[in-house]
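Enquirer: I'd like to ask you about the structure that follows.
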Amino acid sequence: MSTIGILNGPNLDRLGQREPEIYGTATLADLEELVRVAARPLGVRPEFYQSNHEGALIDRISTWADAGVAGIVFNPGAFTHTSVALLDAVQGSGVPVVEVHLSNIYGREAFRHTSLTARAAVAVITGLGFEGYAAALRFLAERPRNAV
């Protein structure tokens, strides 16, 4: 059974409490359960990690790349718009990454319209809420290993 990493960046540990008018009232634990349920019929094992620290996220990408994960579903949070280091980590990992955002970043403040990390992703899903994670998981699970 292949593993797909589910990587969440800053403030996603505050889901359910932080800006519920944007992110809703469901928690990170609720999101992880949704992903577990979505993973079962796909025959993949999700592995979860969340950190508010850029370096910890970079370390996790490297750890998963070295372990041979099949892909990573990555919500970089606010680092999306600022982190060349995360861009470099994703580009250098050799792992297919789908970038996800709960809210529609293009319908928010202008500074959120630019994703530095998206250029290294095989796909970007924005604005689908928790369903974006399930869609990214399905995409990675069904994607041929040698696909671009």
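Each reported figure results from applying straightforward, stated rules to the coordinates on display, with no laboratory input. Just so we're clear, the structure is a prediction, and the values are computed from it rather than from any experiment.
Enquirer: Would you mind giving the average projected area, over all directions, of the Cα convex hull of the stretch 2-142 in nm² with one decimal?
Expert: The Cα convex hull of the stretch 2-142, projected and averaged over all directions, gives 7.3 nm².
Enquirer: Further question: Restricted to Cα positions, what overall size does the stretch 64-127 have along the principal axes? Three whole-Å values, descending.
Expert: 37, 21, 14
Enquirer: Taking only the C-alpha atoms, wrap a convex hull around the stretch 6-75 and report its volume per residue in Å³ as a whole number.
Expert: 79
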